[in-house]
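The values are calculated or read from the model by the stated rules, or taken from the named source; none is laboratory data. This is a predicted model, so every value here is computed, not measured. Counting neighbours? That spans all protein chains shown, and the Cβs are built from the backbone with ideal geometry, glycine included. SASA here: full protein model, heavy atoms, side chains in, ligands and nucleic acids out. Shrake-Rupley method; radii C 1.70, N 1.55, O 1.52, S 1.80 Å.
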Amino acid sequence: MDKQRLSAIAQEFGTPSFVFDEGALACRMHEIKQIVGDDVHLCYSIKANPFLIPAMQSLVELLEVCSPGELEICESLHVDPRTVLFSGVNKTLADIEHAMDAGVVRFTAESPLHIRLLHQAAAKRGVVYPVLLRLTAGSQFGMDERDLLSAIAHRADYPYLRFEGIHYFSGTQRAKLDKDQRKELAMLGDFMDRLEREYGFVCEKIEYGPGLYFPYFAHEDHSDTLAPIRALAPDLQKLAERCELTIEMGRFFASECGTYLTTVIDAKVNCGHNYAIVDGGIHHVNYLGGTMGMRNPIITHIAGPEHTDEAEADWSLCGSLCTTADILVRKIAMSGLAQQDVLAFHNIGAYSVTEGPALFLSRNMPRIILANESGARLVRDTIHSSAINQSNIK
């Protein structure tokens with residue numbers, strides 16, 4: 001969105017606010033689909049931004065949920081449960097049964113315990129459920145190769161589960177395709193061969209999270225933010241010739257469609273240094289790799305006409321929290337920054353909306369605005385977090 005439209009949204013709805021551009025999201029997703037081709041399916045991990053679920057439903061084949069709360073969001077939005085992949089490391093029997101009763105038919109298993117719980121719930125319903133077995137990348141997520149192979153070897157012990165294939169994800173914001181993603185795709189191909197050779201198991205599906213890099217900061221190259229998926233597409237298509245391949249992402253899909261609007265509440269000089277205090281802060285803004293404002297994101301300064309001709313000066317942009325950690329940008333050159341100016345932080349469509357420490361200092365949570373060519377609409381008003389931070393016992 002251009003400066004004029006962002007200014008109009010800030011005037012209409014106020015700040016602090018997140019603005020998510022559904023049109024920009026649709027364009028990006030269509031481009032990604034064209035790049036990877038019809039044989040590579042897309043899954044959106046809703047933890048990146050649950051407010052994009054309505055737009056994403058028509059843009060991807062699957063939505064990954066990782067908690068009962070995320071499933072409740074999908075239920076409230078009347079998401080087709082057959083398009084939900086129920087994932088996550090903490091699945092209780094009650095969680096699984098609720099998901100099954102809600103109509104979810106796709107699950108991942110992150111441990112032998114998950115397999116047992118899924119089978120117990122499925123047997124109770126007399127229904128065979130498809131399951132993806134998550135292979136660990138060396139973290140707390142997924143199963144060790146030994147446990148996964150044991151599950152495959154003893155798959156006849158679980159008549160109400162049908163192991164369809166493998167789920168694999170090792171990390172996010174990984175820029176070295178040859179070292180990371182290409183190596184992983186080759187490993188998954190070799191692992192499929194081993195499963196068939198040693199266990200007679202044909203891997204029908206692979207759900208793979210490539211964790212592609214998205215450039216958040218001003219010093220980075222933004223000329224083609226889809227370059228990583230263009231480079232990896234041939235490797236993805238090669239694996240998709242062998243099985244049904246789905247790539248699961250959140251950050252890479254959603255980052256570019258979001259803008260955060262915040263207003264300068266105070267501007268002052270302390271010990272010869274310019275400080276701007278904004279009505280937001282680190283409880284709303286969280287760029288991965290940008291802790292303590294050491295890297296500058298792309299920011300549009302929406303200023304009043306009386307300020308635009310002033311000389312540039314270096315500013316620190318700080319939030320509303322009573323902690324020295326609340327620094328959005330440590331040093332940025334701006335012309336005529338003044339009280340009541342609006343700053344637009346770009347590429348903030350993923351994670352910040354849910355990831356910041358929103359309850360700290362009982363500050364209000366920002367408005368959420370969805371925008372497209374038809375206009376802008378408020379989908380969540382300000383939430384007063386003070387009600388959450390107090391006892392209900394008088």
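Contact list please: Cβ distance under 9 Å, first residue in region 217-230 and without any contact (Cβ under 8 Å) to a residue 24 or more places away in the chain and surrounded by fewer than 14 Cβ atoms within 10 Å (Cβ to Cβ), second residue not in a loop (DSSP other than H, G, I, E, B) and not β-branched (V, I, T), pairs at least six apart or on different chains.
Within 9 Å, the pairs are D221/A227; D224/R230.
Applying the selection to region 67-101, what residues are surrounded by 16 or more Cβ atoms within 10 Å (Cβ to Cβ), aliphatic (A, V, I, L, M) and over 24 Å from the mean Cα position of the chain (by Cα)?
Once the filter is applied, which keeps residues that are surrounded by 16 or more Cβ atoms within 10 Å (Cβ to Cβ), aliphatic (A, V, I, L, M) and over 24 Å from the mean Cα position of the chain (by Cα), region 67-101 yields only M100.
Which of the residues belonging to region 291-319 are modelled with pLDDT under 90 and exposed (fewer than 12 other Cβ atoms within 10 Å of the Cβ)?
Taking region 291-319 as the starting set, the residues that turn out to be modelled with pLDDT under 90 are 291-295, 303-312.
Hits for region 291-319 are P305, E306, T308, D309, A311, E312.
Enumerate the pairs (first residue in region 1-30 and open to solvent by 40 Å² or more (accessible area, probe 1.4 Å); second residue anywhere and among the small types (G, A, S) and not in a helix (DSSP H, G or I)) with beta-carbon separation below 8 Å, excluding pairs fewer than 6 apart on the same chain, so at least 6 apart or on different chains.
Note: pairs meeting the criteria are M1/A371; K3/A344; R5/A371; E12/A376.
Starting from residues that are within 17 Å of the chain's Cα centre (by Cα) and of a type in the set (D, E, K, R), keep the ones in region 231-265 and report whichever is surrounded by the most Cβ atoms within 10 Å (Cβ to Cβ). Write out each step before concluding.
Initial filter on region 231-265 (within 17 Å of the chain's Cα centre (by Cα)): 246-260.
Next, from what is left, pick out any that are of a type in the set (D, E, K, R): 248, 251, 256.
Details: E248: 24, R251: 21, E256: 22.
Looking at the filtered set, the residue picked out is E248.
Taking region 369-387, which residues are open to solvent by less than 100 Å² (accessible area, probe 1.4 Å) and either part of a loop (DSSP other than H, G, I, E, B) or acidic (D, E) (or both)?
Those that are open to solvent by less than 100 Å² (accessible area, probe 1.4 Å) and either part of a loop (DSSP other than H, G, I, E, B) or acidic (D, E) (or both): D381, T382.
Can you give me the number of residues within region 321-351 that are within 25 Å of I368 (Cβ to Cβ) and part of a strand (DSSP E or B)?
The qualifying residues number 8.
Working only within region 185-210, note down all residues that are assigned to a helix (DSSP H, G or I) and among the hydrophobic types (A, V, I, L, M, F, W, C).
L185, A186, M187, L188, F191, M192, L195, listed by residue number.
Condition first: crowded, with 19+ Cβ neighbours inside 10 Å and out of contact with any strand residue (DSSP E or B) (no Cβ under 6 Å at 6 or more places or on another chain). Now tell me which residues in region 31-46 satisfy that. Full working, then the answer.
Our first condition is that a residue be crowded, with 19+ Cβ neighbours inside 10 Å; within region 31-46, this holds for 32, 36, 40, 43-46.
Matches in region 31-46: I32, V36.
Regarding region 227-240, can at least one residue be identified that is farther than 24 Å from V60 by Cβ and modelled with pLDDT of 95 or more? Please lay out each step first, then the result.
Residues of region 227-240 farther than 24 Å from V60 by Cβ: none.
Checking region 227-240: not a single residue is farther than 24 Å from V60 by Cβ and modelled with pLDDT of 95 or more.
Which members of region 199-210 meet the condition of being surrounded by 22 or more Cβ atoms within 10 Å (Cβ to Cβ) and in contact with a Lys or Arg (Cβ under 9 Å, 6 or more places away or on another chain)? Spell out the reasoning first.
Here is the first cut: in region 199-210, the ones surrounded by 22 or more Cβ atoms within 10 Å (Cβ to Cβ) are 203, 206-210.
Within region 199-210, C203, I206, E207, P210 meet the criteria.
What single numbered condition from (1) among the aliphatic types (A, V, I, L, M); (2) in contact with a Gly (Cβ under 9 Å, 6 or more places away or on another chain); (3) within 28 Å of I9 (Cα to Cα); (4) outside any strand (DSSP E or B) fails to hold for A313?
Evaluating A313 over (1) among the aliphatic types (A, V, I, L, M); (2) in contact with a Gly (Cβ under 9 Å, 6 or more places away or on another chain); (3) within 28 Å of I9 (Cα to Cα); (4) outside any strand (DSSP E or B) leaves (4) as the failure.
Name the single residue that is nearest to G138 (Cα to Cα) among those in region 188-198 being out of contact with any Cys (no Cβ under 9 Å at 6 or more places or on another chain) and open to solvent by 70 Å² or more (accessible area, probe 1.4 Å).
D190
Inside region 117-172, can you point out the residues that are under 16 Å from M192 (Cα atoms), among the small types (G, A, S) and open to solvent by less than 20 Å² (accessible area, probe 1.4 Å)?
Once the filter is applied, which keeps residues that are under 16 Å from M192 (Cα atoms), among the small types (G, A, S) and open to solvent by less than 20 Å² (accessible area, probe 1.4 Å), region 117-172 yields A151, G165.
Can you work out which of the residues in region 266-289 that are within 17 Å of the chain's Cα centre (by Cα) and hydrophobic (A, V, I, L, M, F, W, C) is surrounded by the most Cβ atoms within 10 Å (Cβ to Cβ)?
Looking at the filtered set, the residue picked out is V285.
Which number in (1) open to solvent by less than 40 Å² (accessible area, probe 1.4 Å); (2) over 24 Å from V79 (Cβ atoms); (3) free of Cβ contacts under 8 Å to residues at least 24 places away in the same chain; (4) not charged (D, E, K, R) marks the one condition that H114 misses?
(2)
Go through (1) buried (at least 17 other Cβ atoms within 10 Å of the Cβ); (2) on the phi > 0 side of the Ramachandran plot one by one and return the number of the condition S362 breaks.
(1)
Can you spot a residue in region 174-187 that is surrounded by fewer than 17 Cβ atoms within 10 Å (Cβ to Cβ), within 22 Å of the chain's Cα centre (by Cα) and within 21 Å of L62 (Cα to Cα)?
no
Could you check E355 against (1) under 17 Å from A276 (Cβ atoms); (2) surrounded by fewer than 17 Cβ atoms within 10 Å (Cβ to Cβ) and say which number it fails?
(1)
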